[in-house]
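S.K.: Before anything else, here's the structure in question.
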Amino acid sequence: MVKKLLLILPLVLISPFALSSDNKDADCLAENIYHEARGESTLGKIAVGLVTINRVRDARWPSNICSVVYEGQVRESWKTKQDPSLSPESRIFYPVKDKCQFSWYCDGKADTINYSSYDWQSSYQIAQMLLENNKYDGLLEGATHYHATYVSPDWRLKLTLITRIDNHLFYR
């Protein structure tokens with residue numbers, strides 16, 4: 001099924017996009033696509049975006065895209081932790097290394113985006129497309145997990161393999 005869809009995927013027309021405060025869901029989804037699949041094909045980027053959306057629709061995860069993308073264990077900054085007079089809103093938290101839903105968010109590396117790059121522009125446009133219509137909803141048969149082909153996480157043994165797209169394996 002996936003191979004046939006490669007022929008009907010729309011061309012992604014590129015125009016400059018950056019993070020915009022008026023569409024936070026698209027911003028978060030595009031950031032996740034960019035960091036997880038920036039070197040992948042259009043289909044690979046769509047697949048990563050769909051897994052993110054499938055998690056939003058699943059009761060096991062938060063009910064909005066940004067919360068799914070940034071979900072993970074956090075630790076409080078030592079600077080704010082030592083000040084008991086700070087309000088909860090003033091405290092600073094950081095993700096715990098390797099304890100997040102998506103590895104890029106808590107791998108300890110800088111999450112810099114090259115906003116003028118093709119990869120960012122296509123990631124943003126794909127995010128917008130996925131949020132505007134459900135044209136690709138059945139593509140991954142409801143997959144909620146994926147991993148790169150060069151790792152073998154234990155959780156994969158409890159799930160059903162759906163397909164491989166580029167350098168990722170997708171499961172439900």
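S.K.: Could you list, in sequence order, all residues of the stretch 157-172 that are closer than 17 Å to Asp58 by Cβ, open to solvent by 20 Å² or more (accessible area, probe 1.4 Å) and in contact with a strand residue (DSSP E or B) (Cβ under 8 Å, 6 or more places away or on another chain)?
M.R.: Result: Leu159, Thr160, Ile162, Arg172.
S.K.: Could you figure out which of (1) out of contact with any Cys (no Cβ under 8 Å at 6 or more places or on another chain); (2) open to solvent by less than 30 Å² (accessible area, probe 1.4 Å) isn't true of Asn64?
M.R.: (2)
S.K.: Would you please name the residue that is farthest from Asp25 (Cα to Cα), looking only at residues in the stretch 110-130 that are open to solvent by less than 40 Å² (accessible area, probe 1.4 Å) and small (Gly, Ala, Ser)?
M.R.: Filtering first and then ranking leaves Ser117.
S.K.: Hey, can you tell me all the residues within the stretch 31-42 that are in a helix (DSSP H, G or I) and within 13 Å of Trp104 (Cα to Cα)?
M.R.: Glu31, Asn32, Ile33, Tyr34, His35, Glu36, Ala37
S.K.: Right, another one. Go through the stretch 107-138 and report how many residues are part of a loop (DSSP other than H, G, I, E, B), closer than 11 Å to Arg38 by Cβ and not hydroxyl-bearing (Ser, Thr, Tyr).
M.R.: 2
S.K.: While we're looking at this one, here's another question. I need the full set of residues from the stretch 148-172 which are in a strand (DSSP E or B) and in contact (Cβ under 8 Å) with a residue 24 or more places away in the chain, in order please.
M.R.: Correct list: Thr163, Ile165, His168, Phe170, Tyr171.
The values are calculated or read from the model by the stated rules, or taken from the named source; none is laboratory data. Here the structure is a predicted model, which is why all the values come from computation and not from measurement. Reconstructed Cβ throughout: ideal geometry from the backbone, glycine too, with neighbour counts over all protein chains shown. All accessible areas refer to the heavy atoms of the entire protein, side chains included, with ligands and DNA or RNA removed. Shrake-Rupley method; radii C 1.70, N 1.55, O 1.52, S 1.80 Å.
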